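Q: Shown below is the structure under consideration.
The values are calculated or read from the model by the stated rules, or taken from the named source; none is laboratory data. As the structure is a prediction and not an experimental result, all values here were calculated from the model. We place every Cβ from the backbone using ideal geometry, glycine too, and count neighbours over all the protein chains shown. All accessible areas refer to the heavy atoms of the entire protein, side chains included, with ligands and DNA or RNA removed. Shrake-Rupley method; radii C 1.70, N 1.55, O 1.52, S 1.80 Å.
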Amino acid sequence: MSDQHIKLPEGSIEKQTTTLNLGPTHPATHGVFQNILELDGERIISAEQTIGYIHRAFEKIAERRPLYQITPLTDRLNYCSAPINNMGWHITCEKLLGVQTPKRVDYLRVIIMELARISDHLICNSIVGVDTGAFTGFLYVMQYRELIYEIYEEICGSRLTTNIGRIGGFERNFTPTAFEKLDKFLREYPKVLKEFENLFTRNRIFMERTIGCGPIGAERALNYGFTGPNLRAAGVDYDVRVHTPYSSYEEFEFDIPVGSTGDCYDRFLVRNQEMWQSLRIIEQAVRKVKEFKGKDAEVFHADVPEYYLPEKKDVYTKMEALIWHFKIIMGEIDMPAGEVYQSVEGGNGELGFYLITDGGRTPYRLHFRRPCFVYYQAYEEISKGAMLSDAIITLSSLNLIAGEMDA
């Protein structure tokens, strides 16, 4: 075979780059997304993101459902921290209906939402470790995600898509076993989190793979509409829990971790620090809950019989409870006409619900502000010029959850 350059026929087109189909990523029933990369060798010169392969039309389905039947839909947005989605939806309903939740309910919600945040960040950061070749950290912390799921299970009987909570509060009070499991988590996880940080934070290989990988500045992040850890890693200290508090978050002391470069390493560090802050918030919330004594310690929902489902034992034995149960589940109670927007600090950023009602039994319009959908549009910009191997880590550090994009 000659070493001389093969001369192509005159008029032919020689392609200088390679097109690579990166994806569809996550080939599962809850959503997939695709990236078409144009490569010069191993360097990315352009990327085209595509979503919607399994568009589930949650918003349009919700417009044909009464309030309670919408809750399971929210579970399937960011399923890594589903309870935050549930709470956000219920708080939106309460804003529309004018329901004031008791303080104890607020504190219990804070506990659940911060556990969900830890679970979300724990998965994201451990997977970033896997994508840089370190599997040990993932296996080590995943057992504590299981402990969080056991706490959910004790409270509502479910683990991943929890359908936890109700309009006005919770379906049932937290059991002593739930608090025992929570105490165990608060006692054991800080040591594990510290060891997890020791595995990665100053690890030379991890630092070389993540520092300078997929960066974005504060101005560009704001222009794209970034929120959550990805925005804070770029140096902007915006947190919904502080700027527009809900569930009595204004009563808690915690810091907002921020980065400076907005790269994969900063996003990793911010999420780690947020887990420490979540532990701090949970400890405060547990102390506040334990201050309630007597009958006050039994309060776990607001007094709103038109929207709060009666206890199941009453449904089986009392006609009035059975009637209320039927009316609420079948959506036979008209909502007040109105227009509300409520957001919460989800695992990935600002998760918002824009609800419009015309006085009927189902929403006239309902829009979910999904943080993943918002910041995925920046993927081309932050991956351009990077190596192919960097594209995978950048995807992981953004914490793209397909369920939020394909809603």
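Q: Take the residues of the stretch 38-66 that are open to solvent by 10 Å² or more (accessible area, probe 1.4 Å), among the hydrophobic types (A, V, I, L, M, F, W, C) and closer than 30 Å to residue 247 by Cα: which is nearest to the chain's Cα centre (by Cα)?
A: Within the stretch 38-66, the match that is nearest to the chain's Cα centre (by Cα) is 58.
Q: Which residue pairs have Cβ atoms under 9 Å apart, sit 6 or more places apart or on different chains, and have a first residue in the stretch 359-377 that is closer than 17 Å to residue 221 by Cα and a second that is modelled with pLDDT of 90 or more and of a type in the set (D, E, K, R)?
A: From the stretch 359-377, the pairs are 369/350; 371/350; 374/350.
Q: Read through the list (1) outside any loop (DSSP other than H, G, I, E, B); (2) closer than 30 Å to residue 23 by Cα; (3) in contact with a helix residue (DSSP H, G or I) (Cβ under 6 Å, 6 or more places away or on another chain), then give the number of the only condition that residue 400 fails.
A: (1)
Q: Residue 270: closer than 27 Å to residue 169 by Cα, open to solvent by less than 10 Å² (accessible area, probe 1.4 Å) and either under 19 Å from the mean Cα position of the chain (by Cα) or not assigned by TED's automatic domain parsing to the domain that holds residue 95 (or both), yes or no?
A: In short, no.
Q: If you check every pair at least six apart or on different chains, which have Cβ atoms under 6 Å apart with a residue in the stretch 322-351 that is farther than 28 Å from residue 112 by Cα and in the same structural domain as residue 278 (by TED's automatic domain parsing) first and a residue that is hydrophobic (A, V, I, L, M, F, W, C) and in a helix (DSSP H, G or I) second?
A: 322/315; 338/96
A quick yes/no check of all residues on (1) modelled with pLDDT under 95; (2) charged (D, E, K, R); (3) not in a strand (DSSP E or B):
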residue: 269; (1), (2), (3): no, no, yes
residue: 278; (1), (2), (3): no, no, yes
residue: 282; (1), (2), (3): no, no, yes
residue: 287; (1), (2), (3): no, yes, yes
residue: 310; (1), (2), (3): yes, no, yes
residue: 326; (1), (2), (3): yes, no, yes
residue: 347; (1), (2), (3): no, no, yes
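Q: Quick check, is residue 258 touching a helix residue (DSSP H, G or I) at 6+ places or on another chain (Cβ under 7 Å), assigned to a helix (DSSP H, G or I) and surrounded by 15 or more Cβ atoms within 10 Å (Cβ to Cβ)?
A: no
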